[in-house]
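Accompanying notes for the structure given below.
The values are calculated or read from the model by the stated rules, or taken from the named source; none is laboratory data. As the structure is a prediction and not an experimental result, all values here were calculated from the model. So basically every Cβ, Gly included, is an ideal-geometry build from the backbone, and we count neighbours across all protein chains shown. Note: areas computed on protein heavy atoms with side chains; ligands, DNA, RNA excluded. Shrake-Rupley method; radii C 1.70, N 1.55, O 1.52, S 1.80 Å.
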Amino acid sequence: MIDLMMEESAARLFAGNVDKPLLERFEAGVFPQALWDLAVESGFGRALAGEDAGGIGATWLDAYPLLRGIGYWQVPLPLSETMIAALLLSAAGLDIPAGPLAVIEQGHGNEISTSGAGGALRLSGCASRVAWARHAGHALVSLRSGDLALIGLRDTATVSVTPGTDLARVPADMVRFDAAPILATAPNPLPVLARPVLQLGALARSMMMVGALESALEQSVRYANDRIQFGKPIGRNQAIQQPLALMAGDVSAARVATLVAAADAPSTARLDAPAAEFSIAVAKTRCGEAATRGTAVAHQTHGAIGFTYEHPLNFATRRLWAWRDEFGGDAWWAQQLGRAAIGAGGRGFWPGLTRRSFPAPLGPA
């Protein structure tokens, strides 16, 4: 029931407010504050948080239509990051700050350390390509100890944010901490996930990628049916039909893998989720592979016009290229699955595959 309400609410909000002029203004540097306010009013940012934290205790499967919609309509908001941080803070029993939230994963190019103890704990180091950092008031940071830390990003004496962008021209900023005070810490509230920020980030990106893949596929099929060459639509040629059919298969496989991961993922209502790590790894791998092949097919179908800024296709494909690498690329996640399978041995391989769980931790970042 919640997923249907979420789907209807997301469709009304995004379809009615996200258009090419808004995306162009955003990429010129204008944050869509009115759209963010509407998303907050709809309760999207805290949807995954528990009811005692102002959320609705939605599961990841409930939230799938919303995150898929972010990709389908290319919504330029830090919703996924805020949702992840709100879930983890809620599960840890910490207060959720108002406004957009950023998440920072230890490793993957980020080197962060702590000093001090107790209420004087401080954070130092550098995190690269932090999505939406310049617009966030706080960030949830994963520490080497496995704990999570909440830190303010507006303390200019100890935190500096250097603006940057990813391939989609979405903020991806450099954040430097110079003995920045930590506002709160908590042990990992989701012990079934060894690295919850990384893994939930990968799950959210997979959902968003499914939406962007569906958008790119729909645009490609529509263009193939509308583009007339030598007196007939180019979509009647087998040379166009076959790669589009392969793309449709990739999109379907990515969608199914992501839905399985969403069903397996932990939430405030269900902390025990033994298949979550395996399923998230499969989903991010499958979506990354589909993005690589699918964007190629989409642009080959459109020809040169699809690469132009004036055509809407590039807003979907640029996001796919960016999201493909965030929170671990498909090659890295495939490596984790391979390591786990080898670690399970011959006798453990098939049981691990059928229960979606290999007895091996995530490898180094």
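General observations
- Compactness relative to 2.2 N^0.38 Å, alpha carbon Rg of the range 118-228: 1.42
- Where the Cα pairs of the range 224-294 fall when distances are cut into 10 Å bins, in %: 20, 31, 22, 15, 9, 3
- Expressed per residue, the C-alpha convex hull volume of the range 176-243 stands at 171 Å³.
- Within the assembled protein chains, the solvent-accessible surface assigned to ILE56 is about 80 Å², based on a 1.4 Å probe.
- Remark: C-alpha extents of the chain on the principal axes read 75, 56, 39 Å, sorted largest to smallest.
- Per residue accessible area of the range 165-310, 1.4 Å probe, in Å²: 40
- Kirkwood radius for the range 206-255, taken over all pairs of different Cα atoms as the inverse mean of 1/r, rounds to 11.4 Å.
- Ranking ALA273, VAL297, ALA283 by Cα position along the charge dipole of the range 222-318, where only Lys, Arg, Asp and Glu carry charges on their C-beta atoms, puts VAL297 farthest toward the positive end.
- Summarised in one figure, the compactness ratio Rg/Rh of the range 263-365, Cα atoms and Kirkwood Rh, is 1.12.
- Heavy-atom accessible area per residue - the range 39-153, 1.4 Å, Å²: 33
- Each listed q (0.20, 0.21 Å⁻¹) maps to a log10 I(q)/I(0) for the range 58-186 from the Debye sum over equal C-alpha point scatterers, namely -1.19, -1.29.
- Distance between the pseudo-spin-label points of ARG270 and THR158 (7 Å out from Cα toward the beta carbon): 4.0 nm.
- Along principal axes, Cα extents of the range 1-63, largest first, whole Å: 37, 22, 17
- Rg/Rh (Cα only; Kirkwood hydrodynamic radius) as it applies to the range 1-142: 1.00
- Proportion of all alpha-carbon pairs of the range 154-305 beyond 25 Å (%): 51
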